[in-house]
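The values are calculated or read from the model by the stated rules, or taken from the named source; none is laboratory data. Every value quoted in this text rests on a predicted model; they were computed, and no experiment measured them. We place every Cβ from the backbone using ideal geometry, glycine too, and count neighbours over all the protein chains shown.
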Amino acid sequence: MARMGRTGWILSTLGLVVVVILVVRIIQLAGDDEPDPTVDEIRDRTGFPVLVHQVDRGDLETWRRFTGTVMGEREAVLRARSDDEIREIRVSVGDRVGAGDLLVRQAGQGSDARMRQARAALRQAERNVERLRPLWEAGALSDQDWEDANTQLEVAQADLEATAGPQEGLAPIAGVVSEVPARVGSIPQPGEPLVRVVDDGSYRIPLRVSERQAREVRPGMRVEAVGVETPGTVDRVAIQADPRTRLVEVEARFPGAAELRPGILAGVRILVDSRDDVVRAPEAALRDGGVWVVRDDDTVEFREVEVGLRNEEFVEVLSGLSEGDMVVVEGASLLSDGARVQVVD
């Protein structure tokens with residue numbers, strides 16, 4: 001019993017020593033920990049993360065963007081000249097036609113009868129002239145009778161043309177068929193549109209712009225349309241704004257191009273100004289009349305700059321920056337003079 005008592009006492013003592021050693025070590029470790037750094041301390045060491053762009057030299061162009069409806073250089077509409085039924089339509093949208101080509105044929109019982117009468121009268125007048133020709137050439141017919149026979153022939157020809165006119169719808173101009181409202185079997189009212197023809201030798205796009213924008217635009221300026229390789233030009237700038245909308249009409253003109261179609265809504269842009277070989281800085285770097293410039297020691301300073309021509313991407317720098325300067329384009333909201341930054345690729 002005495003031996004077991006001594007053994008228990010020894011084990012208890014050893015356990016107590018181990019616990020004391022662990023407690024002391026824990027206290028030592030806890031004493032060695034440093035407090036977590038603050039956000040400001042981290043930023044002081046690593047810097048504010050920013051994106052930068054190098055100021056360079058190059059050309060600078062300023063474009064203004066608009067939309068407008070494409071129209072042909074000329075447009076003409078073939079209209080119904082009578083209320084006869086539409087018997088035939090010879091064209092479809094996209095077909096190319098020449099001036100005077102037959103596009104639509106109308107007919108009805110009354111008009112068919114008039115056509116037969118006109119043709120019969122023309123044949124009779126032709127036969128009468130041919131019958132009298134030998135007599136007139138032989139001197140057996142007076143000049144007056146010969147003249148009367150020829151006059152009757154001319155009248156018969158004119159009557160046939162006048163009768164056939166309402167039935168035969170002819171293309172008023174050469175170009176491309178852009179619309180065919182007519183339908184076979186329908187009975188149109190006189191004056192109702194049957195076929196629309198567009199002269200595709202060139203196209204025009206009327207634009208409506210503000211008075212401020214109109215002051216930037218001049219005839220002859222380069223114009224580009226989305227999806228069209230061949231550029232156009234500004235053809236006309238109205239001298240007066242529309243009194244209702246306060247907008248000014250500007251007309252852009254393009255040579256005939258397969259990419260344009262009358263009636264479509266096209267996006268266009270006009271080159272209103274350009275500069276060659278200028279100092280350029282990103283538009284995104286400008287803040288309150290200046291930019292944040294990154295120095296060699298990774299700190300920043302704010303510089304006021306004077307700008308000239310500008311577009312959506314770049315501005316022309318007249319003073320305040322030099323080629324090669326690194327300017328902040330993102331992450332500038334928390335910067336102050338002398339702040340350290342970390343450039344993010």
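Considering segment 279-295 alone, what residues qualify as being assigned to a loop (DSSP other than H, G, I, E, B) and either in contact with a strand residue (DSSP E or B) (Cβ under 6 Å, 6 or more places away or on another chain) or within 10 Å of Asp325 (Cα to Cα) (or both)? Lay out the reasoning, then the answer.
Step one: filter segment 279-295 for residues assigned to a loop (DSSP other than H, G, I, E, B), giving 286, 288-289, 295.
Correct list: Gly289, Arg295.
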ask   = Can you pull out the residues in segment 146-195 that are at pLDDT below 90 and touching a Pro at 6+ places or on another chain (Cβ under 6 Å)?
value = Ser178
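Test Pro134 against the stated conditions and say whether it is surrounded by fewer than 11 Cβ atoms within 10 Å (Cβ to Cβ) and out of contact with any strand residue (DSSP E or B) (no Cβ under 6 Å at 6 or more places or on another chain).
Numbers: surrounded by fewer than 11 Cβ atoms within 10 Å (Cβ to Cβ): yes; out of contact with any strand residue (DSSP E or B) (no Cβ under 6 Å at 6 or more places or on another chain): yes.
Criteria met by Pro134.
Go through segment 228-245 and give me each residue that's surrounded by 11 or more Cβ atoms within 10 Å (Cβ to Cβ) and either within 18 Å of Thr62 (Cβ to Cβ) or not basic (Lys, Arg) (or both). Reasoning before the result, please.
First, pick out the residues of segment 228-245 that are surrounded by 11 or more Cβ atoms within 10 Å (Cβ to Cβ): 228, 230-238, 241-242.
Val228, Thr230, Pro231, Gly232, Thr233, Val234, Asp235, Val237, Ala238, Ala241, Asp242 - these are the residues of segment 228-245 that are surrounded by 11 or more Cβ atoms within 10 Å (Cβ to Cβ) and either within 18 Å of Thr62 (Cβ to Cβ) or not basic (Lys, Arg) (or both).
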request  = Show the residue pairs that are 6+ apart or on different chains and have beta-carbon atoms under 6 Å apart, the first residue being within segment 169-195 and more than 18 Å from Arg87 (Cβ to Cβ) and in contact (Cβ under 8 Å) with a residue 60 or more places away in the chain, the second being among the small types (Gly, Ala, Ser) and in a loop (DSSP other than H, G, I, E, B).
outcome  = Ile173/Ala99; Ala174/Gly98; Ala174/Ala99
inquiry  = Looking at segment 260-293 only, could you name the residues that are more than 29 Å from the chain's Cα centre (by Cα) and either within 30 Å of Gly201 (Cα to Cα) or crowded, with 20+ Cβ neighbours inside 10 Å (or both)?
reply    = Val279, Val291, Trp292, Val293
ask   = Can you spot a residue in segment 12-32 that is in contact with a Lys or Arg (Cβ under 9 Å, 6 or more places away or on another chain) and either at pLDDT below 65 or buried (at least 16 other Cβ atoms within 10 Å of the Cβ) (or both)?
value = no
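Here's the yes/no breakdown for (1) exposed (fewer than 12 other Cβ atoms within 10 Å of the Cβ); (2) over 18 Å from Asp277 (Cα atoms); (3) hydroxyl-bearing (Ser, Thr, Tyr); (4) touching a Phe, Trp or Tyr at 6+ places or on another chain (Cβ under 8 Å):
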| position | (1), (2), (3), (4) |
| --- | --- |
| Thr299 | no, yes, yes, no |
| Phe302 | no, yes, no, yes |
| Asn311 | no, no, no, yes |
| Val317 | no, no, no, no |
| Ser322 | yes, no, yes, no |
| Leu335 | no, yes, no, yes |
| Arg340 | no, yes, no, yes |
| Asp345 | yes, yes, no, no |
message = Conditions first: (1) in a loop (DSSP other than H, G, I, E, B); (2) surrounded by fewer than 15 Cβ atoms within 10 Å (Cβ to Cβ). Arg212 passes all but one, so which condition is the exception?
response = (1)
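Restricting attention to segment 228-246, report how many residues are touching a helix residue (DSSP H, G or I) at 6+ places or on another chain (Cβ under 9 Å) and over 13 Å from Arg215 (Cβ atoms). Write out each step before concluding.
First, pick out the residues of segment 228-246 that are touching a helix residue (DSSP H, G or I) at 6+ places or on another chain (Cβ under 9 Å): 237-238, 241, 246.
Narrowing the set further to residues that are over 13 Å from Arg215 (Cβ atoms) leaves 246.
Within segment 228-246, residues that are touching a helix residue (DSSP H, G or I) at 6+ places or on another chain (Cβ under 9 Å) and over 13 Å from Arg215 (Cβ atoms) number 1.
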task = Show the residue pairs that are 6+ apart or on different chains and have beta-carbon atoms under 7 Å apart, the first residue being within segment 116-144 and on the phi < 0 side of the Ramachandran plot, the second being in a loop (DSSP other than H, G, I, E, B).
result = Leu132/Leu141; Leu135/Leu141
